[in-house]
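J.: Below you will find the structure I want to go over with you.
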Amino acid sequence: MKLVSYLRDEADHLAILIGDKLYNTQDLHPNLPGNMQMFLLSWEEVIDLALEIDAQLKAGKHIGSATPIPYNSVEILAPVPAPTSCRDGYAFRQHVAAARRNRRVDMIPEFDQYPIFYFTNHNAIQGPGDVLCMPDHFDKLDFELEAAIVICKFGRNIPAAEADNYIGGFMIMNDMSARTLQMEEMKLNLGPAKGKDFSTVIGPMLVTPDELEHLLIPAKPGHTGKNYNLKMTCRVNGVQVSEGNMGDMDWTFAEIIERCAYGANIYPGDVIGSGTVGTGCFLELNGTGKRENPDYQEQWLQPGDVVEMDIDGLGTLTNTIVAEETDFSILQLKK
């Protein structure tokens with residue numbers, strides 16, 4: 001099932017996506033919640049009904065009073081417009097190893113011992129459309145190609161072997177990064193904060209695990225949890241710059257959930273990112289290019305750039321980089 005949040009009457013509404021048509025959930029059945037927040041909170045009570053209705057729609061049946069809404073006729077929001085929290089993991093060894101190699105430091109052995117994550121600004125979650133950036137953000141502005149999940153039921157101290165049952169669905173994530181701000185503050189061993197808190201993009205839909213069952217592959221040796229063969233790409237202004245696969249995750253989402261929930265509650269609506277896939281950001285690409293060729297020309301995102309991310313089965317997430325009309329700079333406030 002593919003779930004989409006969209007704007008109607010100045011509020012977020014929930015729809016099931018079939019082909020290029022949206023079917024409002026409350027028009028389909030009065031027992032289906034009308035927005036993603038309520039759907040996640042009542043997941044175990046409504047998911048079977050929703051999946052049954054999804055199957056009927058795919059079979060061409062007319063359900064309830066729902067009339068098909070063209071996908072391109074409405075404003076698409078983040079699938080989870082108001083997450084209860086947002087964490088981002090560090091699951092792809094290829095990306096971590098390349099980034100450290102580009103800095104001429106050894107691969108950190110702790111990467112292979114346990115998964116890590118950081119909390120980012122869940123109030124900066126957005127969906128497709130414009131990404132507003134301040135002047136300092138454009139000092140090495142970067143994308144990060146990732147996958148993400150949303151938690152669909154309450155849990156605590158969850159073993160990895162059970163953690164896949166807490167995943168409501170999968171999305172594309174673009175963890176926007178202002179690298180100069182990020183690197184400056186992390187010299188103080190705290191963060192990332194201002195380098196990340198202005199925008200995290202998810203979307204364009206939430207895809208439930210049943211849609212991806214045929215793409216299941218084994219987890220990496222020594223790891224626990226489901227893994228999926230999903231090609232990941234990113235284009236900037238129509239030119240492909242990144243390519244990877246969700247199946248390259250060394251740490252599974254199940255293992256990341258296990259760590260997140262250790263001694264802590266996780267809630268319906270918590271969003272968790274995978275971390276950047278190998279080749280999935282300009283920071284890595286520029287570092288590799290300069291290491292191999294001293295004359296390599298760095299590339300960073302600029303105003304007007306269009307970023308398109310694809311993950312097999314999860315759709316295409318498209319954003320345009322927009323400069324806010326101000327010259328206000330916190331970099332200039334440094335003492």
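J.: Within the stretch 198-209, can one find any residue that is surrounded by fewer than 18 Cβ atoms within 10 Å (Cβ to Cβ) and either in contact (Cβ under 8 Å) with a residue 60 or more places away in the chain or part of a loop (DSSP other than H, G, I, E, B) (or both)?
T.: no
J.: Just one of (1) in a strand (DSSP E or B); (2) surrounded by fewer than 20 Cβ atoms within 10 Å (Cβ to Cβ) trips up residue 234, so point out which.
T.: (2)
J.: Which pairs do you get when a residue that is within 19 Å of residue 227 (Cβ to Cβ) and among the basic types (Lys, Arg), found in the stretch 265-294, comes within reach of a residue that is surrounded by fewer than 17 Cβ atoms within 10 Å (Cβ to Cβ) and at pLDDT 95 or above, reach meaning Cβ atoms under 9 angstrom, with the pair 6+ apart or on two chains?
T.: Taking only residues 6 or more apart or on different chains, not a single pair turns up.
J.: Mind listing just one residue for me: the one in the stretch 245-291 that is assigned to a strand (DSSP E or B) and in contact with a Pro (Cβ under 8 Å, 6 or more places away or on another chain) and, of those, surrounded by the fewest Cβ atoms within 10 Å (Cβ to Cβ)?
T.: Taking the stretch 245-291 and keeping what is assigned to a strand (DSSP E or B), we get 245, 265-266, 270-273.
If we keep only those that are in contact with a Pro (Cβ under 8 Å, 6 or more places away or on another chain) too, we end up with 270-271.
Details: 270: 26, 271: 24.
Across the stretch 245-291, the extreme among qualifying residues is 271.
J.: For the stretch 1-81, which strands (runs of 3 or more DSSP E) that fit wholly inside it have 1 or more residues that are without any contact (Cβ under 8 Å) to a residue 40 or more places away in the chain, of a type outside the set (Asp, Glu) and buried (at least 21 other Cβ atoms within 10 Å of the Cβ)?
T.: Numbers: elements: 2-8, 11-18, 21-24.
Passing ranges, in order: 11-18.
J.: Please work out if residue 320 is assigned by TED's automatic domain parsing to the domain that holds residue 125, surrounded by 13 or more Cβ atoms within 10 Å (Cβ to Cβ), within 30 Å of residue 213 (Cα to Cα) and out of contact with any helix residue (DSSP H, G or I) (no Cβ under 9 Å at 6 or more places or on another chain).
T.: For residue 320, the condition - assigned by TED's automatic domain parsing to the domain that holds residue 125, surrounded by 13 or more Cβ atoms within 10 Å (Cβ to Cβ), within 30 Å of residue 213 (Cα to Cα) and out of contact with any helix residue (DSSP H, G or I) (no Cβ under 9 Å at 6 or more places or on another chain) - is not met.
The values are calculated or read from the model by the stated rules, or taken from the named source; none is laboratory data. Treat the numbers as computed from the prediction; the structure is a model and nothing was measured. Quick reminder, even Gly has a Cβ in these numbers, built from the backbone with ideal geometry, and neighbours come from all protein chains shown.
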